[in-house]
Structure formats: structure tokens, C-alpha cells
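Asker: Would you mind keeping the following structure in view while I ask a few things?
The values are calculated or read from the model by the stated rules, or taken from the named source; none is laboratory data. It should be emphasised that the depicted structure is a prediction, and the values quoted were computed from it without experimental measurement. Because the Cβ atoms are built from the backbone with ideal geometry, glycine has one as well, and the counts that use them run over all protein chains shown. Surface areas here come from the heavy atoms of the whole protein model, side chains and all, with no ligands, DNA or RNA. Shrake-Rupley method; radii C 1.70, N 1.55, O 1.52, S 1.80 Å.
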Amino acid sequence: MERINQQDKKLNVEIWYDIACPYCYIGERRFAQAMKNFIHRDEVNVQFLAFELNPDAPKDTKLSIIEEAKAKGDAESIMTLKHLYEVKDYAAGDGLDYDIEHLKRVSTHDAHRLAVLADVYGKRAELLEALFHAYFIEAKNVANHQVLIQTAAEVGLPSEEVQSVLTSNRYEEDVKQEEDAAWKIEFEYIPAYVVNRQFNINGAKTVGEILQLLENAYEGKAPNADIDTDGKACGIHGCN
């Protein structure tokens, strides 16, 4: 089966994310709300695309991110601890209760491959919401295949297909192509919103800013007009 693609819409919005990006979950929630408020939403094609923040992360680890930071005890680790609690407070403003005490730094690569499968069935957004919830709210290991199988089942992905992906390198090239596209556009932080491959903004924007992005783009204006192009975001060297 081929991935669902709807390039005939007036606006093509591409959103790069990582499951381990705390601002991507917030951004995903805000984007969904902005789309509900956008009167031309039927003319928008939305694509979620992979961007791994830490491709060398392990598939499992005994220590949580907080325990790792406390064990190191250096200045960078102290900043990590401070930032985690700031992120928790920031997420709470969107009704998200992040379990930062138990979050672990693990690989999201297989989760991204599974997300490509979800694209085939038009369920990528649903799977991402479920994966974000599993990781940030329930502090589950999203590199663990049993967790991925359970999460995929929650959104109705065929179990045989899920098993096939997780026991092979299927969709490896798709994930690479999505990440390569991000580097070609030359943005450094996620979430990143790119409209018609012409304009991009980064960070967890407010619902109002995202709505303005869509309205401006629909009217042929620069989507980032009057919008702060920076925001709460994560890059390969950390989050701000």
C-alpha cells in the first residue's frame, strides 16, 4: 500500500516533530485547535514528518533523564533539571501533565518508522497523539516494541503490519528522506511548520499565531508576517 498524499489542496503544511520533543506535543495540540478554528481547513493538507533529536539514544536505559542529570551533577546537567521543571509548568498551561520524574532518554527511530505505516492508513496524527501521551504523560519507553504494538493497536493499525515493520528495517528509507528534507530546508529546531515549501516557523506557537500563519498563507501573504519566528523549541543540541 502507498502512503496517503493529498497534494491537490491549496495549502500543504508540513510539520517536523520528534516523539521525545516536549514542545512538539504542545505544538501538535495547538495546531489541531488552530485547524478547528480555520474556516478553510478543508483546503489544507497536513503532513507530519520525522526529525530525530537524538538518533544515538539507546532503546532502553535504567536511569530517568532526571536521575542521569543528578548523577552527573555538572553545570549542564543542572540546567537540564531546571529546564525539565520549566517544561512541566509550560505544558500544564495546555492541560498536559508531563511525568518528568520518570521520562527516559530513548530512541524514537522505530516509533518514526511505525508512524510512516500509520500514514498508509491515514492515521499518523492519531498515532502521534497516542505516542506523545504514552511518552510524556505515562512515561512509557517508546523504543520498546511491546509499547509500540500496544499504542498502534489503540489507533487501529493492523497487528500483522505493525509486527512486520518492527521486525524489519521497513520504512527506514522513508524516515531518512523525511529527515533529509528537513536539513535541506535548513531549520534547526522543532516543531517546525513549513507551508508550501516556501515559508517556515519554528517552536510551539500559540493557537492564535498558528491560525494567523494559515490565514496569511491562504491569502498569499508571507505566513510569518507579524509572527515571532522563534518559540519554545528543541534542536539536536537541546531545548530552549
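Asker: Pull up all non-local amide H partners of Q47: gap of 5 or more, or a different chain, and H-to-H distance under 5 Å with H placed in the peptide plane.
Answerer: Residues meeting the criterion, in which the H sits 1.01 Å from N, are V13, E14, I15.
Asker: Right, next: Report relative contact order for the range 98-240 in percent, whole number only (criteria: Cα-Cα under 8 Å, sequence separation at least 6).
Answerer: Rounded, it is 18 percent for the range 98-240.
Asker: Separate question: Calculate the translational D of the range 103-240 in whole µm² s⁻¹ from Stokes-Einstein, where the hydrodynamic radius comes from the Kirkwood formula applied to all Cα pairs, the temperature is 10 °C and the viscosity 1.306 mPa s.
Answerer: Answer from the Stokes-Einstein relation: 96 µm²/s.
Asker: Once you have the Cα-Cα distance between A153 and E219, take 0.36 nm times their residue separation minus that, and quote the gain in nm to one decimal.
Answerer: Net length gain for the segment: 19.8 nm.
Asker: Another one. Taking only C-alpha pairs under 8 Å that are 6+ residues apart, what is the relative contact order of the chain in percent?
Answerer: 28
Asker: List the GluC sites (Glu not before Pro) in the range 1-98 that DSSP assigns to loop (not H, G, I, E or B) and whose Cβ has at most 12 other Cβ atoms within 10 Å. Which are they?
Answerer: Sites meeting the loop and neighbour criteria: E2.
Asker: Tell me the label-point distance for the pair E43, D74, using the 7 Å Cα-to-Cβ offset, in nm and rounded to one decimal.
Answerer: 5.3
Asker: Full extension from N169 to N196: what is 0.36 nm times the residue separation minus their Cα-Cα distance, to one decimal in nm?
Answerer: Gain on extension, N169 to N196, equals 6.7 nm.
Asker: Roughly how many Å² of R30 are accessible to a 1.4 Å probe, to the nearest 10?
Answerer: Its accessible surface works out to 30 Å², give or take rounding.
Asker: Give the Rg (one decimal place) followed by the Dmax (whole number) of the chain, computed from C-alpha coordinates and expressed in Å.
Answerer: That works out to 17.5, 53 Å for Rg and Dmax.
Asker: In nm, to one decimal, how far is the E188 label point from the V120 one, both placed 7 Å along Cα→Cβ?
Answerer: Output for this residue pair reads 3.8 nm.
Asker: How much length is gained on full extension from D94 to Q146, taking 0.36 nm per residue of separation minus their Cα-Cα distance?
Answerer: This chain segment gains 15.8 nm when fully extended.
Asker: Here is a follow-up. So with the 1.4 Å probe, I'd like the accessible area per residue for the chain, rounded to whole Å².
Answerer: Accessible surface, normalised per residue, equals 49 Å².
Asker: Are there any GluC sites (Glu not before Pro) in the range 117-220 that are in a DSSP loop and have at most 15 other Cβ atoms within 10 Å? List them by number.
Answerer: In loop regions of the range 117-220 (DSSP not H, G, I, E or B), the sparsely surrounded GluC sites (Glu not before Pro) are E138, E186, E188, E219.
Asker: Shifting gears a bit: Using θ = phi - 60° and the Karplus relation 6.51 cos²θ - 1.76 cosθ + 1.60, list the HN-Hα couplings for the range 111-125 in order, rounded to whole Hz, with x at every Gly or Pro.
Answerer: Result, rounded to whole Hz: 5, 5, 5, 5, 5, 5, 4, 4, 4, 4, 9, x, 10, 5, 4.
Asker: Using bins 10 angstrom wide from zero, how does P(r) for the range 1-137 break down, in % of all Cα pairs?
Answerer: Percent of Cα pairs in each bin: 11, 36, 33, 14, 5, 0.
Asker: Right, next: Show me the three semi-axes of the equivalent ellipsoid for the range 78-152, from the C-alpha gyration tensor (sqrt of 5 times each eigenvalue), largest first, rounded to whole Å.
Answerer: That gives 25, 14, 10 Å for the three semi-axes.
Asker: Which value results when the Cα radius of gyration for the range 133-205 is divided by 2.2 N^0.38 Å?
Answerer: 1.39
Asker: If each DSSP helix of 4+ residues adds -39,500 (n - 2.57) and the sum is divided by the residues in the chain, what number results at 222 nm, nearest 500 deg cm²/dmol?
Answerer: Calculated from helices alone, the mean residue ellipticity at 222 nm is -14000 deg cm²/dmol.
Asker: In debye to the nearest 20, how big a dipole does the chain give about its Cα centre with +1 on each Lys and Arg Cβ and -1 on each Asp and Glu Cβ?
Answerer: 160
Asker: I've got another one for you. Could you derive backbone 3J(HN,Hα) for the range 200-205 from the dihedral phi with the Karplus parameters 6.51, -1.76 and 1.60 (θ = phi - 60°), listing whole Hz in sequence and x where the residue is Gly or Pro?
Answerer: 9, 10, 10, x, 7, 6
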